[in-house]
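Notes follow once the structure below has been shown.
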Amino acid sequence: MSTQEQARNLMMRHQHLVKNRQQSLLSRAAAEVGLDAGSQASIDRK
C-alpha cells in the first residue's frame with residue numbers, strides 16, 4: 001500500500017469516527033429533550 005493510500009485510509013477512518021461521535025452526541029441530546037427517532041432522522045438530513 002502506497003503512502004498516499006495509507007494517508008487516505010487514515011483520513012477516511014478519522015472522518016468516520018468523527019461522524020459516529022457526532023451522531024452519538026446528537027442521539028443523546030435528542031433523547032434528553034425528548035425527541036423521537038423520526039424527529040432526529042429529519043435533523044440528520046439537514
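Things to note:
- Neighbours of residue 11, meaning other residues whose beta-carbon lies under 15 angstrom from its beta-carbon, give a summed charge of +2 when Lys and Arg score +1 and Asp and Glu score -1.
- Packing order of peptides 3-13, 22-32, highest average first: 22-32, 3-13 (average count of other Cβ atoms within 10 Å over each peptide's residues).
We did not get these values from a lab; they are worked out from the coordinates using the rules stated. Computed from a predicted model, the values in this text were never measured in an experiment. As a convention, Cβ positions derive from the backbone with ideal geometry for all residues, glycine included, and neighbour counts pool all protein chains shown.
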